[in-house]
Amino acid sequence: METGIRVHQVYAGRVLQGSGALALVPDEVERLGAQRVLVIAAPSSAGVAQDLAAGLEERYAATFGRPVQHSPVEVTAEALALAGEVRADALVAIGGGSAIGLSKALAGRTGMPQVAVPTTYAGSEATPVLGETENGVKTTRRDPALAPSSIVYDPDLTLALPRGLTLTSALNALAHAVETLWDTGASAATRAYAVESADGILAALPVVLDRPSDVQARARLQESAWLAGACLAQAQMGLHHQLAHTLGGTFGLPHAELHALLLAHVMRFNLAAAPDAAARLTRLANGDPTLAVASLASMHDGPTTLRALGVPRDALREVAERVAANPYPNPRPVTADAVEELLLAAW
Ligand code: NAD
């Protein structure tokens, strides 16, 4: 029944922030009462995972070092077998959304508690959402049991994040905040997260691109990514996430790059129909927010168009029709013709 009453779901959990916070992971594991930790580490975090294993002492059980984007179920089965072999009773994931996704996939199957140590700005650590792929088909589910118990944000772990991933991952986070601002069902709390997140990303990202080892600016970006993740957890995502989901799933595209190149196009499409979001974003960007995002996106050295990502032009109509046939909630009505036009511009 539509009552007009809003429900704001807050995910309980602990969030530790600051340079050197990685050293507190063993304490977080101890709080969970865990005895045998399976560490899930992105290949880029192999060295950090070794230090962590040493810090966990007798609580360390094993490391699984090959998480894959969009959590393919075969990879989860491999990691699950290892967890069983070493009798793991808790998970620590270090890496981007792929490492954290695998951790959620294991938690969903075993009930093991998780500590997440993010090294990108994707925001997955703050959500109860898991996307998994089986036979090339991606399905997403939402369950409070999938959310990590603790998140440890250590900006030092992001200092070596390459320029391209820094830029595209931060724009991925910004997309969560922007879609929250035009979600008509958003609560005062999610709007507050979204404004603070977008403000932080728009202010800190140019500084980080200029000075990648500026740890304070990195910390601001990471904090903004946390709030963006909290937005993703609590607000309804619209056309932007639907397009990223549909295109990413159909053509197996790199997650952050796809989000980064789409965002300005979807803002151009939606903002005239979302005056409150437009006013807030204009204040935060000190000018036209769509131009500000397009200008950031254009600074990427890698692919910045759907064409460069390898999407065939003759597939755009079908994608547009699929999206229009089953639209996510969106401020501007979604028709196949209008979406095709947007996709052509992004192509
Ligand atoms: P990713 O985790 O796939 O990482 C991309 C690459 O960057 C990997 O090769 C990784 O090893 C490397 N990397 C990560 N951190 C690094 C660092 N600090 N320095 C150097 N290299 C580093 O990419 P991502 O964009 O973080 O995550 C994408 C995945 O997360 C997708 O599967 C997406 O669906 C999922 N995701 C899920 C949610 C959710 O709420 N469920 C939210 C956002 C993203």
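Does anyone have the angle between helix 188-210 and the longest principal axis of the chain? Alpha-carbon axes, 0 to 90°, nearest 10?
The angle comes out near 80 degrees.
Test of understanding: given the chain, find the longest segment containing no trypsin sites (Lys or Arg not before Pro) that are in a DSSP loop and have at most 12 other Cβ atoms within 10 Å.
The answer is 88-347.
How big is the gap, in Å, between the Cα center of the stretch 300-346 and the Cα center of the stretch 91-138?
What the calculation gives is 27 Å, centre to centre.
Could you work out what % of the accessible surface of the stretch 163-346 is carbon and sulfur, using a 1.4 angstrom probe and leaving DNA, RNA and ligands out of the count?
52
Report in % the part of the accessible area of the stretch 14-158 that belongs to carbon and sulfur, leaving out ligands and nucleic acids; probe 1.4 Å.
50
Counting only heavy atoms of the protein chains, get the accessible area per residue of the stretch 1-130 (1.4 Å probe) and round it to a whole Å² value.
In whole numbers, the stretch 1-130 has 45 Å² accessible per residue.
Enter the accessible area per residue of the stretch 163-346 (Å², integer; probe 1.4 Å; all protein chains in place).
I get 39 Å² per residue for this part.
Angle check, please: helix 215-234 long axis (alpha carbons) against the longest principal axis of the chain (alpha carbons), in degrees 0 to 90, nearest 10.
Taking the Cα atoms of the chain, the angle to 215-234 is about 80 degrees.
The values are calculated or read from the model by the stated rules, or taken from the named source; none is laboratory data. Since the model is a prediction, treat every value here as computed from it, not as a measurement. No Cβ is skipped: glycine too gets one built from the backbone with ideal geometry, and neighbour counts run over all protein chains shown. We work out accessible area using only protein heavy atoms, side chains counted, and drop any ligands, DNA or RNA first. Shrake-Rupley method; radii C 1.70, N 1.55, O 1.52, S 1.80 Å.
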